Amino acid sequence: MKRIARVLAVVGAALAARGADITVRGEGTGKDAVSLSGLAVSGESGRLFAQTLQSDLQRSGWFRIDPAGQIQVAGSAAARPDGLAVAARVSWPGKRFDWNRSSGVGVPDVRRLAHQLADEMVRHIKGERGIASTRVVFVNRRGPNNADLFVCDADGSGLAQITQDAMAAVGPKWDCDGLHILYTGYLRGSPAVYRFPATGGRRMPLAKFNGLNAGAEVSPDGRTVALILSVTGNPEVHTLDLSSGATVRLTHTPHAVEASPAWSPDGTRIVYVSDAAGAPHLYCLDVRTKRSRRLTYKGSENVNPDWAPNGRIAYATLRAGSYQIAVLDPDAGGEPDGTLTSGPDHEDPSWAPDSRHIVCSRAEGPGRSSLWILDTGGDSPVRLFSHSGNWMSPDWSDK
Amino acid sequence: MRMNQLVKLALVACILATGSGCSTVRRWFGLGPKGTADETAVTEVPWDAETQALLGGAGSFAETRQPVAGVSFRPVYFGFDSYQVAPVEVAKIEQVAQHLMQNRAHVVLIDGHCDERGSNEYNLSLGEQRAQTIRGYLVNLGIDGARVQTRSFGEEKPAAPGRSEEAYRLNRRGEFGVYR
């Protein structure tokens, strides 16, 4: 028991040392208390497991850590020569589940195991989709025509560079399989849409028509890509059928520019940006009828739409001279007066699969920007990781 | 030749026709469930000119031709969030048209660029529209459209550093690359 107390003290100190990274507003209010006191941990990997689990539960937005909490995680996370063995029982009034898993000794293996338990707790206890096991892909721009793609876990750990091109790279998006990335690259000199494994590896061109190939996003069923092509004369929203290779043009605006198509959760609609009204605004089109309807009027620009699984659209709105993140419900109609963010420019929002958290970029000064996680549930923004640089265009994986 | 094309068509059709959903994509690119298993085997399928033509463009002038040394033209500048060519800029396009008239073997690749303000993806489309607008002028001046290609860099390749209005003005541009 003494050992557990010591371990928890270490965990607490480690978390406190990370400072603002885990600041949570409204502590206690509306959150369920979880006690990890009954989890006996041993070895470096056992401690890492407990630390990661605690951080994940707090970042989920649903829980707070409290030794007197009614939700109790008991059992053991024991380091063995060949890895970590976890035998845990999670119990709360009237219910419980057992969770027995093991992993390799590597830090990513141990962290992944903790992410899985955190997501299971969110699912069983709250009936919500957990996000601890998800990942984020984004761009690091070092200078003119000098950028590369990176990924990290949803808690900012495991930062890894996945391209080594030092050339322009725009708009990375996860494929629905959670394993591959689509983006616009210039490997052959002209912008083309490429797809490749998120672990790095060979880039395969998906679309390389004359002119622009950009903004590709895979439909929820994985069969179709929405993208911007200009092969017919100017940038328009198209779909590309991945089975037949056939393209369909969905907009026809010879005197306007389209960008940033994003699928609705049921795959029947696409929200996109068009300057048909003189400035970039959001429009929603029905894929079957090809009919479009304008969604936004407020602000001088509205860009970067992303559709959450629960039907809400996050976007960047230019109001009073700065870009801020806002959320609208396309079916209820109307636009919000308020924004989720304030102060410096915030751009490129992307929903987590829990329809609650949003990752976006935030300007930090000339040539520098950072990535932040916003919580539409009310917790304070959390910086994804602290490395300085010009980090932009984050996209949150569905899986 | 014809037979060869048919074989390639069939090959591509076979690759494309397998499975459904995300697994289609994985199979298309020869990736197993974890993105490893049969990767090597299928990525060996050559992505040659004819397959490219089937699935998309045959490659831009920057890939398929040689730049012409010693020939350069002044960039065409644009207003904020605009792809209209100002009257004062039109003469620059006319000079390019004249060169293309006089040098029948030459072609031109127009690069569209934007200043850094605004969405990166929107700027890619805006840069493309700027290049397309210039292309429209060249075609109206009698240049065969097949000799004029467009390429957008959005805000990715600024000509001038910094965040001054002057830098922004210099970055909102269309540049001409002449190839043979």
Label model pair A:V107, B:D144: point-to-point distance (7 angstrom along the Cα→beta-carbon line) in nm is 6.0
Assertion target for A:F97, A:F385, A:F49, ordered by fewest C-beta neighbours within 10 angstrom first, is A:F97, A:F385, A:F49
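Over the stretch B:107-156, consider all pairs of different Cα atoms and compute the Kirkwood hydrodynamic radius from their mean reciprocal separation; express it in Å, one decimal. Write out the running numbers ahead of the final one.
On the way: mean 1/r = 0.0917 Å⁻¹.
One over the average 1/r among Cα pairs gives 10.9 Å for the stretch B:107-156.
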Of the residues A:V122, A:G94, A:L57, the Cα lying farthest along the dipole of chain A towards its positive end, which is defined by charges on the beta carbon of Lys, Arg, Asp and Glu, belongs to A:G94
Rounded to whole angstrom, the alpha-carbon centroid of the stretch A:338-388 lies from that of the stretch A:56-116 at a distance of 28
Here P(r) for the stretch A:254-365, Cα-Cα distances in 10 Å bins, as whole percents, is 15, 49, 30, 5, 0
Sorted by chain and number, the residues with a modelled amide H under 5 Å from that of B:R172, at a separation of 5 or more or across chains, are B:F78, B:D115
Shape call for the stretch A:76-191, from the Cα gyration tensor axes a ≥ b ≥ c (a/c under 1.5 means rounded, otherwise prolate when a/b beats b/c, else oblate), comes out prolate
The alpha-carbon pair-distance distribution computed for chain A, with 20 angstrom bins and whole-percent values, is 27, 54, 19, 1
The size of the Cβ-based charge dipole (Lys, Arg +1; Asp, Glu -1) of chain A about the Cα centre, to the nearest 20 debye, is 700
If amide H atoms are modeled at 1.01 Å from N in the peptide plane, then the residues at a separation of 5 or more from B:F73, or on another chain, having amide H under 5 Å from its own are B:F176
PRE zone check, label point 7 Å out along Cα-to-Cβ of A:K290, amide N under 12 Å, scope the stretch A:214-253, hits A:237-239, A:248-253
Note to self: C-alpha centroids of the stretch A:280-327 and the stretch B:127-164 sit apart, in Å, by 27
For the A:T232, A:A33 Cβ pair and Förster radius 56 Å, calculated FRET efficiency rounded to 0.05 is 0.45
Here, A:Q164 and B:M101, labelled 7 Å along Cα→Cβ, have an inter-label distance in nm of 5.2
Here the FRET efficiency for B:E166 versus A:T268, based on Cβ atoms and R0 = 41 Å and rounded to 0.05, is 0.30
The answer for A:H180, listing residues at least 5 apart or on another chain whose modeled amide H is closer than 5 Å to its amide H, is A:D175, A:A198
Phi-derived 3J(HN,Hα) across the stretch A:378-387 with the Karplus relation (6.51, -1.76, 1.60, θ = phi - 60°), rounded Hz, x for Gly and Pro, is x, 5, 5, x, 10, 6, 5, 7, 9, 4
Checked the stretch A:305-388 against the a/c 1.5 cut and the a/b vs b/c comparison, axes a ≥ b ≥ c from its Cα gyration tensor; verdict oblate
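Rounded to two decimals, what is the ratio between the C-alpha radius of gyration of the stretch A:214-253 and 2.2 N^0.38 Å? Write down the numbers at each step before the final one.
Working: Rg = 9.8 Å, N = 40, 2.2 N^0.38 = 8.9 Å.
After normalising by residue count via 2.2 N^0.38 Å, the value is 1.10.
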In whole Hz, the Karplus estimates of ³J(HN,Hα) for the stretch A:355-367 (6.51, -1.76, 1.60; θ = phi - 60°; x where Gly or Pro) are 6, 10, 9, 10, 9, 8, 9, 9, 5, 10, x, x, x
Classified through the alpha carbon gyration tensor (a ≥ b ≥ c as square roots of its eigenvalues; rounded if a/c is under 1.5, else prolate when a/b is larger than b/c, else oblate), the stretch A:136-218 comes out oblate
Expressed in angstrom and ordered largest first, the alpha-carbon extents of the stretch B:68-180 along the principal axes are 40, 25, 24
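Values in this text are rule-based calculations from the coordinates and carry no lab data. Keep in mind it's a predicted model, so treat the numbers as computed, not measured. When we count neighbours, we look across all protein chains shown, and the Cβ atoms used for this are built from the backbone with ideal geometry, even at glycine.
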